[in-house]
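For reference, the structure is listed below as structure tokens.
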Amino acid sequence: MTSLTILGATGSVGSQALDLVARNPGRWQVAALTANSDAQGLATAARASGARFAAIADPAAYADLKAALAGSGIEAAAGQEAVCEAAQRPGDIVLTAIVGAAGLAPTLAAVERGATLAIANKETLVCAGPVVTAAALASGATLLPVDSEHNAIFQVFDHAQPDRVAKIILTCSGGPFRTRSRAELAGVSVADACKHPVWSMGAKISIDSATLMNKGLELIEAHHLFPVGLDRLDVIIHPQSVVHSMVEYIDGSVLAQLGTPDMRIPIAYAMAWPERIATPAARLDLAAIGRLEFEAPDLVRFPCLALAWEAMRAGGSAPCILNAANEIAVAAFIAGQVAFLDIDAIVAATLARVASGPVGSLGEVIETDRRARAEARAQITARA
Ligand code: NDP
């Protein structure tokens, strides 16, 4: 059996991974599960999956977790260090499904011990890509993408001949507001923004999909996972989300991975790699779908994608500043403190005001992240 640790086990990706574990008895032994504050959800998942260790980031939730695990024999722990300990404990695969830069320290802990990582937590690669990839090189850790686009690219990428890749093309559904004007976006609610037309996901990534920041974060993620050069990365809108991304080669051939929009396909691919296993995902019926559409992204209506592109080109800590500002702005939108269109304005203002520098160490990333969050909060206060 392969031992598996899931960081962020109570979320959308984490619970879909646990669904696959339950459907495949004897394939994975769950070593550890983590959550932020959902003690009941974590305890239920730990009991159901036979986990040995359950760690909750919020120390205030420890008593609830302990009580919910009483008599199970499952070890409970709390705090950020406990989440890192879950990542450090021996285990073959670590699925990183924490949302946001909070995943950085535990991801690095798993990378530094040379684990195989199934990476969903894109924000970690965005804010600390050079640190994570250098640590993986040093430890021999394997990084497998879970994000459906990157998983698709991974499946069709000629790893032996990366210089034969002409272009990586990330597909993007366009989100719930694909056809709306800027004026129409002014008053949209959190519920509107979370109503993704194709994918069912956690709140933060749903809002990132509505602003197209998600695609911007994915561009930066692709830049670190598939180092073909910035000029060979592209984005195309594809509302049906059937083609999950494409790789164009120098001879003009374009290879794509297709499937129904069910995250259990890329999660299973990463968790069982290099094997393929059956999943309960609906089969693709192209005749029923009938039509696949593509269009260029509109960077004027969706400036977050343009900001991410600029941050990626600027390099250094600019992507970390972008990510931190976005996390703060999205949280403020969810909390009703700012409007939807304030998100890109806050990110732009933060990028303009926080000095960017090199990203050579975890300490530098944490310090940049801290300064960017402080500036983004100041922007929110100024708007309020
Ligand atoms: P969710 O919000 O559904 O779940 C997030 C998970 O992270 C929960 O287990 C949560 O615990 C935990 N968590 C949140 N904050 C912290 C923290 N500060 N410290 C430790 N744990 C924390 O997110 P998703 O599953 O939607 O997304 C997870 C990651 O995967 C994101 O980076 C996202 O971009 C990426 N991704 C998601 C996809 C999807 O379909 N959902 C698709 C592709 C990528 P608790 O429940 O206790 O709050």
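The values are calculated or read from the model by the stated rules, or taken from the named source; none is laboratory data. Note that this is a predicted model, so its numbers are computed, not measured. Positions of Cβ are backbone-derived with ideal geometry, glycine not excepted, and every protein chain shown enters the neighbour counts. These accessible areas exclude ligands, DNA and RNA; they are computed on the full protein's heavy atoms, side chains included. Shrake-Rupley method; radii C 1.70, N 1.55, O 1.52, S 1.80 Å.
Whole Å is fine, so just give me how far the alpha carbon centre of segment 214-278 lies from that of segment 299-362.
23 Å
Pick from Pro303, Pro59, Pro319: which is most flexible by mean-square fluctuation in a GNM of the chain where alpha carbon atoms under 10 Å apart are linked?
For the chain, modelled as a Gaussian network with Cα springs under 10 Å, the answer is Pro59.
What accessible area per residue comes out for the chain, rounded to a whole number of Å², with a 1.4 Å probe?
Per residue, the chain has 40 Å² of solvent-accessible surface.
With charges set only on the Cβ (+1 for Lys and Arg, -1 for Asp and Glu), what does the dipole of the chain come to about its Cα centre, in debye to the nearest 20?
For this selection, approximately 440 debye.
Find me the longest stretch of the chain that has none of the exposed GluC sites (Glu not before Pro), where exposed means in a DSSP loop (not H, G, I, E or B) with at most 15 other Cβ atoms within 10 Å.
My reading of the result: 1-274 is the longest stretch.
So for the pair Ser361, Glu295, with labels modelled 7 Å out along Cα→Cβ, what separation do we get in nm?
Spacing of the two 7 Å Cα→Cβ label points: 4.9 nm.
Are there cysteines in the chain with no other Cys C-beta under 4.7 Å, and if so, which?
Cys84, Cys172, Cys194, Cys304, each lacking another Cys Cβ under 4.7 Å.
How long is the gain from Arg383 to Ala335 if the chain were fully straight, where each residue apart is worth 0.36 nm and the alpha carbon distance is subtracted?
Contour length minus the Cα-Cα distance gives 15.9 nm.
Could you check the spin-label model distance between Asp234 and Glu310? Points 7 Å from the Cα along Cα→Cβ, value in nm.
Distance between the two pseudo-spin positions: 2.4 nm.
Local charge sum around Ala324 (other residues, Cβ-Cβ under 12 Å, Lys/Arg +1, Asp/Glu -1)?
-1
Could you check the spin-label model distance between Thr44 and Val156? Points 7 Å from the Cα along Cα→Cβ, value in nm.
3.8 nm
Within the chain, what is the longest stretch that has no trypsin sites (Lys or Arg not before Pro) placed in a DSSP loop and near at most 12 other beta-carbon atoms within 10 Å?
With trypsin sites (Lys or Arg not before Pro) excluded where exposed in loops, the chain gives 1-275 as its longest stretch.
List, in order, the whole-Hz ³J(HN,Hα) value for each residue of segment 78-90 obtained from phi through the Karplus relation with A = 6.51, B = -1.76, C = 1.60 and θ = phi - 60°; use x for Gly and Pro.
My calculation for segment 78-90 gives 9, x, 4, 5, 5, 5, 5, 5, 4, 6, 7, 4, x Hz in order.
For the chain, with all protein chains present and a 1.4 Å probe, just round the carbon and sulfur fraction of the accessible area to a whole percent.
Carbon and sulfur: 53 percent of the exposed surface of the chain.
Determine the sum of side-chain charges near Val99: Lys and Arg each +1, Asp and Glu each -1, restricted to other residues whose C-beta is under 11 angstrom from that of Val99.
-1
If you only keep lysine pairs separated by 8 or more in sequence, or across chains, how many in the chain come under 22 Å at the Cα atoms?
Lysine pairs, 8 or more places apart or on different chains, close enough: 8.
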